[in-house]
Amino acid sequence: MSFQVENLTVRYGEAGEPALRDVSLVFEPGVHTSVLGPNGAGKSTLLRALLGILRPDSGQARFEGRPSMEWPRRELARRVALVSATEEFAFPLKVRELVAMGRHPHLGSWRPAGDSDRDIVATSLREVGLDEFSERYLFTLSAGELQRARLARALAQQADTLLLDEPVAHLDLAHEYNTFRQIAQLTREKSLTTITVTHHLNLASRFSDRVVLLSDGRVAATGTPQEVFTAERLGAAFGCAVDVRDLGELGRLAIPVAPDGDSNAGGRPR
């Protein structure tokens, strides 16, 4: 196994309700798991706990059997890569320079990048289809291209575990689809342990091997998309009526509906 959490409870500060409550999960290599749930359900808190950034009130998050908080940061960075939705850069960077940052955990304090590191950067750019963009400045990229550059940086780390926090935020429909498709493909080809936090239920249904549904800091359901995507489970987690339609190989389509059952309420006339 890669990451494992056992009876994990996390609270921000001493007062208030826990952000995560008694959560137990296992994440396996070669499996793309999407973490779903409404705002405030504990999705991003789970990622921070997995990375050892947050100290749990009780329970534990482990990576390869070792408590995440006990891993030296550089050593963990060689094994785990994080791709976030937004990122600010203090100075102009080229795509190649951003992706080369993924090699830093492997270089140490004194060893400069060598030919093998540059080859890994080139391969990572090629894997996300950005090899022709290597000398472009980041500010010239579209949102979709920039997200692919972040993914290439994660691949350059050569980590076997990939954490993605809202990887398709601010992307258009085509880039959302292509990003999820690429994540699923890389997970299979490289046997990665991939954990994606997302609000995009339908893309998660289409491209995930497993989903975790969080609600009020607890695991409401976990399993395949076919097992978790039911009107009852999604409706209870999100607090609204949901129409779920089985599209076969395309996954399950979740559509919020009005209380009176009119799925077209507020939309255009049929």
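The values are calculated or read from the model by the stated rules, or taken from the named source; none is laboratory data. Given the structure is predicted, the values throughout are model-derived calculations rather than measurements. With ideal geometry, Cβ positions are generated from the backbone for all residues, glycine too; neighbour counts draw on all protein chains shown. Heads up: the accessible areas ignore ligands, DNA and RNA and are worked out on the full protein's heavy atoms, side chains in. Shrake-Rupley method; radii C 1.70, N 1.55, O 1.52, S 1.80 Å.
Tell me which residues, restricted to segment 70-98, are over 22 Å from L46 (Cβ atoms) and of a type in the set (A, V, I, L, M).
A90, L93, V95, L98 - these are the residues of segment 70-98 that are over 22 Å from L46 (Cβ atoms) and of a type in the set (A, V, I, L, M).
Can you name the residue in segment 135-166 that is among the acidic types (D, E) and over 14 Å from I183 (Cα atoms) and is also modelled with the highest pLDDT among such residues?
E135
Only one of these conditions is not met by E97: (1) in a helix (DSSP H, G or I); (2) under 20 Å from L130 (Cβ atoms); (3) in contact with a Lys or Arg (Cβ under 9 Å, 6 or more places away or on another chain). Which number is it?
The failed condition is (3).
Considering only residues of segment 82-94 that are modelled with pLDDT under 95 and touching a Lys or Arg at 6+ places or on another chain (Cβ under 8 Å), which is surrounded by the most Cβ atoms within 10 Å (Cβ to Cβ)?
So, considering only residues that are modelled with pLDDT under 95 and touching a Lys or Arg at 6+ places or on another chain (Cβ under 8 Å), the one surrounded by the most Cβ atoms within 10 Å (Cβ to Cβ) is V83.
Can you name the residue in segment 100-141 that is over 16 Å from F89 (Cβ atoms) and among the polar types (S, T, N, Q) and, of all such residues, is most open to solvent (accessible area, probe 1.4 Å)?
Per the criteria, the residue is S109.
Go through segment 113-140 and give me each residue that's free of Cβ contacts under 8 Å to residues at least 24 places away in the same chain, under 24 Å from the mean Cα position of the chain (by Cα) and assigned to a loop (DSSP other than H, G, I, E, B).
Within segment 113-140, just G129 meets the criteria.
Checking L234 against (1) among the aliphatic types (A, V, I, L, M); (2) over 23 Å from L192 (Cα atoms); (3) at pLDDT below 95, which single condition isn't satisfied?
Every listed condition holds for L234 apart from (3).
Is there any pair linking a residue in segment 22-35 that is touching a residue at least 40 places away in the same chain (Cβ under 8 Å) to one that is loosely packed, with under 14 Cβ neighbours inside 10 Å and in a strand (DSSP E or B), with Cβ under 6 Å and at least six apart or on different chains, and which?
D22/N7; S24/N7
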